[in-house]
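To start, the structure under review is shown below, and the notes come after it.
Derivation of every value follows stated rules applied to the coordinates shown; laboratory data play no part. Values in this document were obtained by computation on a predicted structure and should not be read as measured data. Cβ sites come from the backbone with ideal geometry, for glycine too, and all protein chains shown count toward neighbours.
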Amino acid sequence: MKTKLLLLTALLSVAIGVSQNPIFTNVFTADPSPHVWPDDPNTLWVYTSHDEPGSNNHYGMTGYHAFSTTDLVNWTDHGRILHLENVEWAESHAWAMDATYYRGQYYLVYCMKEAGIGLFRTGIARSDVPQGPFTDLGYVKGVEFGQDPAIFIDDDGTPYLYWGHDRQCYAAELNEDLMSIKPETYVDLTKQLTHVFEGPWVHKRNGTYYLTYPGLTPRRWPEKMFYAVADKPLGPYTFKGVFIDDFEGQSGTNHGGVVNYKGKDIMFYHSAWLSGGLSETRSSMADYLEYDKAGNIIPIIPSKKGLGKAERTRVTMKLEAESGFAAGGNLYNVFVDTYLKDYSGKGYVTNFDNPYDHVSMLAQVAKPSKFRFKVRYASPEGESNHNILINSHLYREFKFPQSKTFTEIDFGIVELKEGDNLVRIFKSDWKPSKGELAIDYIKLEQVFENE
Ligand code: FUB
């Protein structure tokens with residue numbers, strides 16, 4: 001009874017919006033991987049895997065998202081950044097991932113099952129911007145059963161890969177192209193990591209390497225988070241203990257990572273608080289990670305307060321038009337240009353010549369909810385007649401007024417359904433437009449019931 005009451009309180013506070021946990025409430029996310037990239041210490045990035053609403057298991061997972069913030073309250077969901085259909089060698093199980101910045105490029109390091117073989121491989125995808133989308137480069141050679149990869153670049157620039165599944169954990173140094181391990185450096189860490197099940201993650205603090213991981217005490221789910229420490233990245237590691245024990249409303253799994261943001265360590269992990277009892281439909285959580293004087297981690301008690309700001313977190317989906325198929329959208333008979341300046345991302349979509357020429361963008365949503373819908377566009381030569389469809393229904397016939405520079409139009413509140421929503425902007429007729437419409441991005445800002 002007490003357990004049920006506690007869970008109800010947690011869920012109620014999410015519903016009325018006073019909570020900072022779960023941290024993203026627009027979409028179901030799991031296995032969060034937090035990072036601050038060296039060229040921008042003010043921005044915190046979190047890369048996640050994605051649970052379909054109501055899925056309640058992990059077998060149908062297909063893609064990943066990227067989130068960013070500069071204040072821990074207002075977050076941007078950059079949408080889908082990689083999907084099974086963008087990875088030729090894979091057939092299923094887009095499970096946990098990590099990301100890294102290495103020699104001027106951003107990499108997503110993820111696991112999927114190899115087509116025809118059904119075994120996990122560790123894939124590598126690259127982007128020249130942190131928000132993706134990412135382009136698959138293939139899988140890392142030398143890694144078998146490559147579930148739950150984590151990449152750690154040490155202060156001297158050496159890249160290390162950690163991975164683990166089903167009560168095993170391994171690590172190795174990567175070659176410089178990140179596409180293969182150095183076999184002579186391969187280590188089996190399993191025996192050093194008491195209770196390990198999967199999901200290793202390494203962070204460094206005051207010269208000590210902390211390896212955190214989800215583990216199972218004998219024959220007992222759900223997973224708890226444990227850690228071990230070493231003075232070298234490949235160990236040997238000394239087991240320290242549990243630092244996130246069982247908690248109300250957790251999912252069967254736990255998984256996450258640590259980041260230092262503006263001088264404080266933050267632990268990202270996941271729970272089932274948003275799904276309200278569908279225990280395997282998960283959402284990301286965040287709490288500060290603190291240490292005692294000896295450097296031991298002080299256990300975290302998952303809290304509604306989360307990172308402790310007064311306001312609730314709010315997510316805006318910002319979906320770049322030019323991302324197209326790589327982000328789950330589509331570019332039909334239009335092209336990406338960069339001629340007009342001040343666009344966001346890598347360009348904008350233009351050349352809507354014929355009826356039905358269109359751009360569509362994918363918005364993935366946890367529950368039916370309201371969003372404020374904005375479109376950033378330019379139409380330098382004159383006005384442009386276009387239609388906007390949401391999920392194949394005509395949402396608006398619209399004359400985009402002439403605008404020589406990019407500007408945001410606020411279309412007001414829209415309701416999106418649970419799951420995948422496609423927003424499509426297309427030329428509505430044969431009449432030549434006076435202008436040449438350029439679509440930069442759409443935004444969908446979370447609106448809460450009591451606002
Ligand atoms: O999210 C799918 C799987 O669940 C991850 O790969 C595991 O670590 C567990 O969190």
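What does a probe at residue 232 reach in the stretch 156-184, counting residues whose amide N is under 16 Å from the point 7 Å along Cα→Cβ?
156, 158-161, 171-174, 182-184
To one decimal place, what orientation-averaged projected area in nm² is obtained for the convex hull of the Cα set of the stretch 2-312?
15.0
With respect to the cross-link table entries 191/367; 318/427; 182/262; 224/443; 264/346, which display a Cα-Cα separation exceeding 30 Å?
191/367; 182/262; 224/443; 264/346
Could you give the angle, 0 to 90 degrees to the nearest 10, between helix 2-16's Cα long axis and the longest principal axis of the Cα atoms of the chain?
Once rounded, the angle reads 30 degrees.
How big is the stretch 36-115 along each principal axis, measuring the range of its Cα positions in Å and listing the largest first?
38, 32, 15
Among 75-81, 380-386, 289-295, how do they line up from the highest to the lowest mean number of other beta-carbon atoms within 10 Å?
Highest mean packing first, the order is 75-81, 380-386, 289-295.
Grab the DSSP H runs of the chain that are 4 residues or longer, score each as -39,500 (n - 2.57), total them, divide by all residues and round the 222 nm result to the nearest 500 deg cm²/dmol.
-1000 deg cm²/dmol
Would you please give the residues with an amide H less than 5 Å from that of residue 352, counting only those at least 5 places away or on a separate chain, with H modeled from the backbone geometry?
When sequence neighbours closer than 5 places are left aside, the close amide H contacts are 437.
Would you please give the residues with an amide H less than 5 Å from that of residue 115, counting only those at least 5 places away or on a separate chain, with H modeled from the backbone geometry?
Amide H neighbours of residue 115, under 5 Å, 5+ apart: 90, 91.
Give me a comma-separated list of calculated 3J(HN,Hα) values for the stretch 46-61, in order, Karplus coefficients 6.51, -1.76, 1.60 applied at θ = phi - 60°, integers in Hz, x for any Gly or Pro.
Here the 3J(HN,Hα) series is 10, 9, 9, 8, 9, 9, 5, x, x, 5, 6, 7, 9, 6, x, 5 Hz.
Measuring from centroid to centroid over Cα atoms, what is the spacing of the stretch 199-238 and the stretch 418-448 in Å?
Each part's Cα centre sits 46 Å from the other's.
Sorting 95, 430, 37 on the 10 Å Cβ count, fewest up front, what's the list?
The most exposed by this proxy come first: 430, 37, 95.
Placing +1 on the Cβ of each Lys and Arg and -1 on the Cβ of each Asp and Glu in the chain, which of 289, 208, 437 has its Cα farthest towards the positive end of the resulting dipole?
Ranked along the dipole, the leading option is 289.
Would you mind getting me the FRET efficiency between residue 434 and residue 156? Use the beta-carbon distance for r and R0 = 60 Å, nearest 0.05.
0.55
First measure r as the distance between the Cβ atoms of residue 186 and residue 339, then evaluate 1/(1 + (r/R0)^6) with R0 = 35 Å and state the FRET efficiency to the nearest 0.05.
On the way: r = 50 Å, r/R0 = 1.42.
Between residue 186 and residue 339 the formula returns 0.10.
Tell me, 36, 315 in order of fewest to most beta-carbon neighbours within 10 Å?
The most exposed by this proxy come first: 36, 315.
Based on other C-beta atoms within 10 Å, arrange 224, 399, 367 from fewest to most.
Going from sparsest to densest Cβ surroundings: 399, 367, 224.
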